[in-house]
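The values are calculated or read from the model by the stated rules, or taken from the named source; none is laboratory data. Nothing here was measured: the structure is a model prediction, and the numbers come from that model. All Cβ positions, even for glycine, are placed from backbone atoms using ideal geometry, and neighbour counts span all protein chains on display.
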Amino acid sequence: MTKSLDGRVQSVDRAMLLMESLSDAEGGLRLTELARRTKLSLTTVHRLLTTLEQRHFVRFLPKDNLWHIGQQAFTIGNAFVRDRSFVAPAQPYLRLLREHTKETANLGVVDKGEIVLVDQLESREITRALSRVGGRTPMTASGMGKSILATYSGSEVNSHLNRHGMRRATVKSLTCKDALNTQLAKIRSDGYAVDDEEYVTGLRCVAAPVYNQHADVVCAISVSGTVLRMNTTRLPVIGRLVAETAAAITQAIAGNPAH
């Protein structure tokens, strides 16, 4: 068993790297492409995949010669969601939010300075939001992320920026601290945040935070859709609805909204 200087077990680290690569590829990957992406040898990749397949973390489809994420990975990931006591109570509210707006309703949490999407109810419209459960977004380029940052103190925002920066995802992404602070002030005033094509060109998102009993933010919810449907006339209406829904979820989990 080989360990790196920081204590990581090399084989486990490489196996996780393979699973992360497969999770990013919706259509599966060939062995050679996995080796290229992970910079591992074909022999190493095949050996690790064979072990992961035996444990049902990955699966191989001979008809297209592609490797895919397996059902055990879903089972483990689902345990993460079950451990969040606010996810299940939020689902009926997300369903209503989707029905009222006809757009995709989302729930995300902060993890390592990013927003991780942990629940989603997709719009029934032909063109849907492109994010997926498990996807990660920089907080400064996300409606949910900015809605949570708006609850931070000035020093907490600075600490976040010093550690994680402001990564540009599109031409509209915020990359200036002053511009971010201006937006955060508006979010505090409005009660909701807007991602205006800042992470995906052509998509808008409106978000608001959810609090626990200690008045700490535990997650954020959002509605996302195309700029054509989420036009500037609809944004304030959807924003108020998202903020009201976030407040209702806060109340449902016996939370205490910040004042």
Task: Top-ranked residue of the stretch 117-133 - restricted to ones that are under 8 Å from the mean Cα position of the chain (by Cα) and surrounded by fewer than 18 Cβ atoms within 10 Å (Cβ to Cβ), ranked as nearest to residue 172 (Cα to Cα) - done: 132
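Rundown of residues vs (1) surrounded by 13 or more Cβ atoms within 10 Å (Cβ to Cβ); (2) touching a residue at least 60 places away in the same chain (Cβ under 8 Å); (3) over 30 Å from residue 238 (Cα atoms), yes/no style:
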position: 18; (1), (2), (3): yes, no, yes
position: 27; (1), (2), (3): no, no, yes
position: 60; (1), (2), (3): yes, no, yes
position: 109; (1), (2), (3): yes, yes, no
position: 112; (1), (2), (3): no, no, no
Open item on the list: Take residue 121 and tell me if it is at pLDDT 95 or above, at negative phi and touching a Ser or Thr at 6+ places or on another chain (Cβ under 8 Å).
Closed with: no
TODO: Check the stretch 153-173 and report whether any residue there is assigned to a helix (DSSP H, G or I), of a type in the set (A, V, I, L, M) and loosely packed, with under 14 Cβ neighbours inside 10 Å.
DONE: no
